[in-house]
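Accompanying notes for the structure given below.
The values are calculated or read from the model by the stated rules, or taken from the named source; none is laboratory data. Please read all numbers here as calculations on a predicted model, not as lab measurements. Cβ coordinates were reconstructed from backbone atoms using ideal geometry, including for glycine residues, and neighbour counts include every protein chain displayed.
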Amino acid sequence: MTYRHLLTPLALGRLTLRNRVVFSAHLTNSARGGLPTEQHVAYYEARARGGAGLIITEEHSTHPSDWPYEKLIQGYRPEVVPHYRKITDAVHAHGAVILAQLNHNGGQGSGMYSRRPVLAPSPVADPLFREVPKAVDAAEIEELVAGFAATAEHCRRGGFDGVEIQCSQASIVRAFLSPDANRRTDRYGGALANRARFLLEIVASVRAALGPEPVLGVRLTGEELIENGIHLDEAVEVAAMVEAGGHVDYINTSIGMATQTLHLIEGSMAVPRGYALFIPNAIRGRVTLPVIGVGRFTDPEHADLAIEEGHCDLIGVVRGQIADPDFAAKAAAGRPGDIRTCLSCNQECIGRVGLGRWLGCVENPMAGRESVLLPMPRRLGLRVCVVGGGPAGLQAAATAAQRGHRVTLFERDARIGGQVRAAAAAAGRAEFGDLVRNLEAECARYGVEVRTGVDVDADLLRSLAPDAVIVATGARPQRPRWAGESARVVDVRDVLEGRADPGGRVLVIDELGFHQATSVAESLAERGCAVTVATNGMIVGQDLGLTLDMEGWQSRAHLRGIAQLTDLVPMGVVAAAGSAVRVALLHHPTGVTSEPEFDWVVCAVHQQPEDRLWKQLSDSEFEVHRIGDALTPRRADAAVREGHRVAVAL
């Protein structure tokens with residue numbers, strides 16, 4: 001066995017897990033009307049079929065006062081039970097253990113949906129939701145404890161193997177534990193033993209509702225990383241209190257809280273793997289219960305090493321199993337190279353969920369859509385030519401070949417990868433290149449013929465007489481009208497692809513609000529340039545907040561001396577004499593124009609579709625499809641999704 005620690009069975013309460021791979025709780029936004037759906041069934045079943053040892057579902061609300069977002073599972077309602085049974089039956093059929101996470105978000109929520117005040121230990125407003133909560137009284141505490149027990153009973157009747165109580169990133173229980181949120185002076189506030197009382201009462205009540213057989217776990221925040229918050233020493237003490245009660249079978253861990261330090265809960269690719277392992281390590285040194293560790297584990301090697309080194313007993317792999325539901329099975333089969341590695345880009349998982357949409361994945365176009373059945377191919381063995389080796393073309397080729405077609409992919413450059421390869425060359429973005437590596441491996445696995453260094457035209461395609469052509473020729477940089485003829489005004493792709501080497505004072509224009517401007521700014525700063533980023537928006541890289549990259553960018557920009565200017569619209573190059581470029585920048589809220597001077601200007605602006613081949617094929621005798629940036633320039637998730645969609649339709 002290659003991964004002798006990760007793939008070893010483990011006793012959890014009175015059950016035995018087949019391995020240490022945990023699909024930890026996370027929001028899917030798949031609930032409808034407060035109830036689980038067929039998508040939940042298919043989603044969790046796919047990870048059970050893919051070999052996960054333990055699956056912990058997303059949170060189930062334990063009380064009507066808790067409704068922080070629209071698509072919440074309302075576990076306190078008795079009608080959830082038959083829906084639960086569908087999920088648990090599907091998961092058990094594939095040999096996995098499944099638990100339900102129980103939670104009440106407390107003050108980390110909103111009255112928008114419930115039309116009630118939010119509840120918390122003290123009237124301390126959360127910095128994100130900004131609603132002053134009502135401090136719960138003794139009767140309400142008793143009611144909340146009973147709500148956890150009633151929801152646990154629903155889960156037991158619904159076939160779950162047990163439950164996990166969330167006391168971590170977004171929870172009223174966490175708020176009771178945190179000195180920052182708990183300002184009470186009664187028996188539930190003050191000393192740690194008092195602040196932990198609410199949790200211990202819930203644990204005892206839930207165990208009574210479950211009975212002795214089902215598994216009961218507790219997920220703790222080990223370090224909130226805020227002033228006067230939960231810190232590691234107190235988290236360790238709480239874990240010891242939980243174990244001493246004799247009701248709990250394992251401890252799960254977390255880092256950060258889901259507002260002020262949210263960016264640490266689901267660390268992006270800029271955050272090192274295993275960054276939160278110090279928490280389970282410390283807790284494991286104090287308790288004998290099995291401990292789950294988390295922290296951006298994207299491959300079985302790192303997960304296995306964390307267990308081998310004694311940091312934890314099990315590993316939470318969430319995004320890794322969103323990207324590839326067969327993560328555990330491929331590791332067990334000795335095929336780690338076949339795993340579709342998570343990019344930690346957070347674009348379609350965290351980013352979509354944060355906007356209230358169902359969960360997706362840049363790497364896996366079927367993530368969040370597992371319940372949607374794909375049609376059969378119209379005819380097997382079609383001869384398909386894909387033109388363009390970026391993510392759209394690679395995904396189209398891999399999917400078409402997987403579905404039984406004969407596929408040839410053409411790429412004009414000597415290497416495949418398109419703009420993804422260029423983006424991965426920027427500072428802190430190397431893992432984004434895994435998108436190309438993963439798709440390239442899938443193309444090889446399914447027998448796609450890849451021809452590089454071929455500049456395809458319509459005559460070549462007609463000579464091949466294919467049944468279908470998929471045009472994925474990408475996009476080309478578009479020079480802004482205000483740039484004039486100055487050779488010192490270049491595109492970000494010119495820099496990342498090596499056609500330009502700016503030095504000295506560099507102005508980066510951010511009109512895209514994402515990694516294009518910020519990553520090239522960091523790359524130039526690392527080379528010693530004095531970098532200023534200007535945007536027409538209210539904040540540089542404004543969409544980085546969706547992917548939890550904003551905090552990291554701001555910190556690194558400060559350390560590297562990168563200046564940031566907002567609300568500015570480039571109006572034109574006023575002068576470009578010698579090595580100096582003077583740019584007119586309009587501050588659009590006030591109408592004031594400035595004319596700062598730089599040595600270079602680098603533009604992150606919208607591109608143009610590379611659609612010449614598409615136009616040449618307008619009257620072809622074979623079917624022609626256009627996808628990705630060749631259709632219209634967008635981000636990588638759209639390219640992958642369209643490549644998959646078109647290939648499935650063949």
What helices (runs of 4 or more DSSP H) completely inside the stretch 481-565 contain at least 3 residues that are crowded, with 22+ Cβ neighbours inside 10 Å, of a type in the set (Val, Ile, Thr) and in contact with a helix residue (DSSP H, G or I) (Cβ under 7 Å, 6 or more places away or on another chain)? none
Tell me, please, whether a residue that is in contact with a Cys (Cβ under 6 Å, 6 or more places away or on another chain), surrounded by fewer than 24 Cβ atoms within 10 Å (Cβ to Cβ) and in a strand (DSSP E or B) can be found in the stretch 382-401. no
Within the stretch 249-300, how many residues are among the hydrophobic types (A, V, I, L, M, F, W, C) and part of a loop (DSSP other than H, G, I, E, B)? 12
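Results for (1) of a type in the set (Lys, Arg); (2) over 21 Å from GLU497 (Cβ atoms); (3) over 38 Å from the mean Cα position of the chain (by Cα); (4) outside the structural domain of SER463 (by TED's automatic domain parsing), shown as yes or no for each residue.
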| residue | (1), (2), (3), (4) |
| --- | --- |
| ALA576 | no, yes, yes, yes |
| HIS588 | no, yes, no, yes |
| GLU597 | no, yes, yes, yes |
| VAL602 | no, no, no, yes |
| SER618 | no, yes, yes, no |
| VAL624 | no, yes, no, no |
Kindly evaluate ALA638 against the criterion of being crowded, with 17+ Cβ neighbours inside 10 Å, of a type outside the set (Asp, Glu) and at negative phi. yes
Which one is nearest to PRO365 (Cα to Cα), of the residues in the stretch 407-418 that are surrounded by fewer than 22 Cβ atoms within 10 Å (Cβ to Cβ) and touching a residue at least 40 places away in the same chain (Cβ under 8 Å)? THR408
So, in the stretch 94-152, how many residues would count as being of a type in the set (Val, Ile, Thr), farther than 17 Å from THR259 by Cα and touching a strand residue (DSSP E or B) at 6+ places or on another chain (Cβ under 8 Å)? 4
The one condition THR590 fails out of (1) in contact (Cβ under 8 Å) with a residue 60 or more places away in the chain; (2) surrounded by fewer than 21 Cβ atoms within 10 Å (Cβ to Cβ) is (1)
Which residue out of PRO78, PRO64, PRO9 is surrounded by fewer than 24 Cβ atoms within 10 Å (Cβ to Cβ) and within 26 Å of ILE339 (Cβ to Cβ)? PRO9
Odd one out for GLY190, checked against (1) over 23 Å from GLY34 (Cβ atoms); (2) out of contact with any strand residue (DSSP E or B) (no Cβ under 9 Å at 6 or more places or on another chain); (3) part of a helix (DSSP H, G or I): (3)
Picking from GLY229, GLY217, which residue would you name as being under 28 Å from GLY53 (Cα atoms) and either touching a residue at least 24 places away in the same chain (Cβ under 8 Å) or exposed (fewer than 15 other Cβ atoms within 10 Å of the Cβ) (or both)? GLY217
I'd like to verify a number: residues in the stretch 208-235 that are in contact with a Leu (Cβ under 9 Å, 6 or more places away or on another chain) and either among the polar types (S, T, N, Q) or not in a loop (DSSP other than H, G, I, E, B) (or both), how many? 11
